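Trainee: The structure is given below, and queries will be raised subsequently.
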Amino acid sequence: MAQDGVDDRADRAERVDWEGIEASPEFKELVRKKRGFIIPGTVFFLTWYMLFIFLCAFAQDFMGERVYEGLTVGYTLALTQFLMVLVLGLLYLSRSKNVFDPLAEKAIADYSDAGDGSGPRRRQATGAVAPTTTPEGAR
Amino acid sequence: MIVFADVNELALGVFAVVLAVTLAITFWASRRATNTDNFYAAGRGITGFQNGLAISGDYLSAASFLGIAGLIYLYGFDGFLYSIGFLVAFLTVMFLLAERMRNAGKFTIADVLSFRLRERPARVAAAIGTLNVAAFYLIAQMVGAGVLIQALVGFDFTISVIITGTFMLTYVVFGGMIATTWVQIIKAVLLMIGIVVMSVFVLERVGGNPIELFNRAEAAGQGAESTFSLAPGTFLKNDIDLISLGLALVLGTAGLPHILMRFFTVPTAQAARSSVVTAMFIIGGFYLLTTVIGFGARAILGQGGVEAAGTGGNLAAPNLAEELGGGAGTTGGDLFLAIIAGIAFATILAVVAGLVLSASSAVAHDIYSSLIRKGQDSDREEVVVAKIAALVIGVIAMAIAIIGGEGLNVSFMVGLAFAIAASANFPALLLALTWRRFNTVGAVTGVLLGVGSALLLIIISPIVWGGAPGAPNTGAFDWYDLNNPGIISIPLGFLGCIVGTLLSSERGNEREFHELYVRSETGLGAEKAITH
């Protein structure tokens, strides 16, 4: 398989103007928007998580204080971690569907796949046609 | 409680059902596991939802199910810390790697690195990282399997390890990724049903009020002998070690080869993304319920159950199941215990199969096909080599598990596997996908420094020198008392990548970075699903 892979790649590298795509406004917008979500998102979740870990290490009495009967501050904060994963996960999913995926499709709209596994080919058409790739369930 | 000496027929029966179903799947998959796309990546035809289940099945090890429930039973809050780290780690995977891996790679971590770096050194470095992580994780799981089957069914430790290893190798060698995936999916479904049913039983005992469960667990955790606490600090007593572990857990998942490999089994990046979210829901729900099981064990079994729960409290969950079913000797108790034991067995099999597959892909795809044969081997030949590699790796892991014996601490070794993954694989992968200047020297330096420092720190750590986790310093040197190396080795892994890159005059291949960058962000040119 490795052999096919090398041929395939060399072949594709000939056909696709990677640098051109990278310099296109659509791709730049995609990267900018993705970074605008992922970088703050990552900083936020790592900060909130590590803050929790630091409190566990250095503020054990505080973490053991009661919020309500047997429910402690530590457990309440632990539950916020679950909530954070849920919210950020769903937020990322919807952002990807509504913003990132359409931009990515626009960025590579000049190339469509022949569907025979030979990789993308430059479209003959004017480029105004919307891409026909269906994101999921391509089977 | 559990009788160690004789064989538990009911548990044996449940084990036999688990094995019969998984072997039938393997037989069905074996006709298709003959080319590399099917053998390593299930033809990239797994849907996002199926893959989400399979990731959960691949990830939730016996250490998660029995280990965390046991730690919460014994120590309370500190056991739950593992749950949080294991779960939040999926945000790292989702934001930084999942889709990019799917778009850029083919079968292994090395495919992504060698895309833009010099192929030979990049592949060797990635294979070293993969094999080290897989080795620690695999041996830990094999030991865990041996201990559990011994306790739950009554077989000897050595025989238990051999049985587990044999079935693991059967799935992988005959059924490849297709069989492994379905074993993982079935296991995830069984595990979730098992933990939900147990939790319902526990909550029913406390009148359906979770707060009441906290109160009763705390009341049962009083007393001089008890280590149980609702506050942190009873198990992870060393502050810095706790932070080190927390860091290794949250970054390590993004470097686990058997998890990352699963993203190559779906047709698109969108499916990779939805599979992470599915996995997050399942894994999050699971870890939330580990508290119910652990607290339930504390409230219901009490301090008196500590001895029967064994080392690390691993048997607390099965013992709780027996008690919930009606107690030892009753039909309900025996049956519930047997079912939970069967689920634990399926859990172990699914995880070890995924690990062996990832290790064999590193040997066959990265070392044999790409380096030794320079891509001149046929597809069929690579699959044969991968199967032989799986056999050799599996047998070595079984041998080490048997020689090392029951004394090896399972959750500790899993923590180390995460530390190595976070120190060696994660930095190089992340930088290869995002940093334009990154080059081969940086990748090799980073991986070697990450693996090397983590291993060295493990060797001088108190646990190797005989200290229990959290015990006063008994390591090789007075000044070093960390059991988890992450807080030092993860920054060293990143530092190695950065300094190696900057010191080298090598200019990365600009053209190939353009291609990798565009491909990983848009999916243009990504590997396609094969048509059936």
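Trainee: Going residue by residue through the range B:400-418, is there one that turns out to be within 15 Å of B:Ala125 (Cα to Cα), of a type in the set (A, V, I, L, M) and open to solvent by less than 10 Å² (accessible area, probe 1.4 Å)? Can you show your working first?
Mentor: So the first thing to find is which residues in the range B:400-418 are within 15 Å of B:Ala125 (Cα to Cα), and the list is none.
Within the range B:400-418 (the criterion being within 15 Å of B:Ala125 (Cα to Cα), of a type in the set (A, V, I, L, M) and open to solvent by less than 10 Å² (accessible area, probe 1.4 Å)), the answer is no, since none of the residues qualifies.
Trainee: Another one. In the range B:194-218, how many residues are out of contact with any Asp or Glu (no Cβ under 8 Å at 6 or more places or on another chain), touching a residue at least 12 places away in the same chain (Cβ under 8 Å) and of a type outside the set (Ser, Thr, Tyr)?
Mentor: Adding up the residues that qualify gives 13.
Trainee: With at pLDDT below 95, touching a Leu at 6+ places or on another chain (Cβ under 9 Å) and more than 7 Å from every other protein chain (Cβ to nearest Cβ) as the only criterion, which of A:Val67, A:Val73 stands out? Quick ask: steps written out before the conclusion?
Mentor: Working: A:Val67 fails: touching a Leu at 6+ places or on another chain (Cβ under 9 Å).
Unique residue meeting the criteria: A:Val73.
Trainee: Here's another thing I want to ask about it. Go through the range B:347-378 and report how many residues are open to solvent by 10 Å² or more (accessible area, probe 1.4 Å) and under 19 Å from B:Gly146 (Cβ atoms). Reasoning before the result, please.
Mentor: We begin by selecting, within the range B:347-378, every residue open to solvent by 10 Å² or more (accessible area, probe 1.4 Å); these are B:363, B:367-368, B:370-374, B:376, B:378.
So of that shortlist, the ones also under 19 Å from B:Gly146 (Cβ atoms) come out as none.
Summing the residues that are open to solvent by 10 Å² or more (accessible area, probe 1.4 Å) and under 19 Å from B:Gly146 (Cβ atoms) in the range B:347-378 gives 0.
Trainee: Identify the single condition in (1) surrounded by fewer than 21 Cβ atoms within 10 Å (Cβ to Cβ); (2) within 14 Å of chain A (Cβ to nearest Cβ) that B:Ile388 does not satisfy, given that it satisfies every other one.
Mentor: For B:Ile388, the exception is condition (2).
Trainee: Sort out which residues of the range B:485-522 are modelled with pLDDT under 90 and hydrophobic (A, V, I, L, M, F, W, C), and write them in order of number.
Mentor: B:Phe513, B:Leu516, B:Val518 - these are the residues of the range B:485-522 that are modelled with pLDDT under 90 and hydrophobic (A, V, I, L, M, F, W, C).
Trainee: May I pose another question? Of all helices (runs of 4 or more DSSP H) completely enclosed by the range B:233-313, which ones contain at least 2 residues that are surrounded by fewer than 24 Cβ atoms within 10 Å (Cβ to Cβ) and within 11 Å of chain A (Cβ to nearest Cβ)? Break it down stepwise before answering.
Mentor: Numbers: elements: B:239-252, B:257-260, B:269-301, B:306-309.
Per the criteria, B:239-252, B:269-301.
Trainee: Now, a different point. Looking only at the range B:488-528, count every residue that is within 14 Å of another protein chain (Cβ to nearest Cβ), surrounded by fewer than 17 Cβ atoms within 10 Å (Cβ to Cβ) and touching a Gly at 6+ places or on another chain (Cβ under 9 Å) and tell me the total.
Mentor: Here the count works out to 0.
Trainee: Are any residues in the range B:426-450 open to solvent by less than 10 Å² (accessible area, probe 1.4 Å), over 11 Å from B:Gly496 (Cα atoms) and in a helix (DSSP H, G or I), and if so, which ones? Write out each step before concluding.
Mentor: We begin by selecting, within the range B:426-450, every residue open to solvent by less than 10 Å² (accessible area, probe 1.4 Å); these are B:426-429, B:432-433, B:438-440, B:442-443, B:446-447, B:450.
Applying the additional criterion that residues be over 11 Å from B:Gly496 (Cα atoms) yields B:426, B:429, B:432-433, B:438-440.
B:Phe426, B:Leu429, B:Ala432, B:Leu433, B:Thr440 - these are the residues of the range B:426-450 that are open to solvent by less than 10 Å² (accessible area, probe 1.4 Å), over 11 Å from B:Gly496 (Cα atoms) and in a helix (DSSP H, G or I).
Trainee: Follow-up. Which residue pairs have Cβ atoms under 9 Å apart, sit 6 or more places apart or on different chains, and have a first residue in the range B:140-168 that is aromatic (Phe, Trp, Tyr) and a second that is not in a helix (DSSP H, G or I)?
Mentor: Going by the 9 Å Cβ cut-off, the qualifying pairs are B:Phe155/B:Val7.
Trainee: Among the residues of the range B:181-233, count how many are in contact with a Ser or Thr (Cβ under 6 Å, 6 or more places away or on another chain) and closer than 24 Å to A:Glu69 by Cβ.
Mentor: The qualifying residues number 2.
Trainee: Going through the range B:150-184 one residue at a time, which ones are open to solvent by 10 Å² or more (accessible area, probe 1.4 Å), closer than 16 Å to B:Ala24 by Cβ and within 19 Å of the chain's Cα centre (by Cα)?
Mentor: B:Phe167, B:Trp182
The rows are residues; the columns are (1) within 14 Å of chain A (Cβ to nearest Cβ); (2) over 32 Å from the mean Cα position of the chain (by Cα); (3) surrounded by fewer than 20 Cβ atoms within 10 Å (Cβ to Cβ); (4) of a type in the set (S, T, N, Q).
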residue: B:Val189; (1), (2), (3), (4): no, no, yes, no
residue: B:Ile193; (1), (2), (3), (4): no, no, yes, no
residue: B:Val196; (1), (2), (3), (4): no, no, yes, no
residue: B:Val202; (1), (2), (3), (4): no, no, no, no
residue: B:Val206; (1), (2), (3), (4): yes, yes, no, no
residue: B:Glu212; (1), (2), (3), (4): yes, yes, yes, no
residue: B:Ala219; (1), (2), (3), (4): yes, yes, yes, no
residue: B:Leu230; (1), (2), (3), (4): yes, no, no, no
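Trainee: Contact list please: Cβ distance under 6 Å, first residue in the range B:343-364 and farther than 17 Å from B:Val383 by Cα, second residue outside any helix (DSSP H, G or I) and open to solvent by less than 10 Å² (accessible area, probe 1.4 Å), pairs at least six apart or on different chains.
Mentor: Going by the 6 Å Cβ cut-off, the qualifying pairs are B:Val351/B:Ser61.
Trainee: Here's a check for you: in the range B:314-346, which residue that is assigned to a loop (DSSP other than H, G, I, E, B) and under 10 Å from B:Leu66 (Cβ atoms) is most open to solvent (accessible area, probe 1.4 Å)? Spell out how you get there, then give the answer.
Mentor: Of all residues in the range B:314-346, those assigned to a loop (DSSP other than H, G, I, E, B) come to B:314-315, B:325-330.
Narrowing further to those that are under 10 Å from B:Leu66 (Cβ atoms): B:314-315.
On the way: B:Asn314: 45, B:Leu315: 13 Å².
Among those residues, the one meeting the criterion is B:Asn314.
The values are calculated or read from the model by the stated rules, or taken from the named source; none is laboratory data. Owing to the predicted nature of the structure, the values given are computational and were not obtained by experimental measurement. Cβ sites come from the backbone with ideal geometry, for glycine too, and all protein chains shown count toward neighbours. For accessibility, only protein heavy atoms count, side chains too; no ligands or nucleic acids. Shrake-Rupley method; radii C 1.70, N 1.55, O 1.52, S 1.80 Å.
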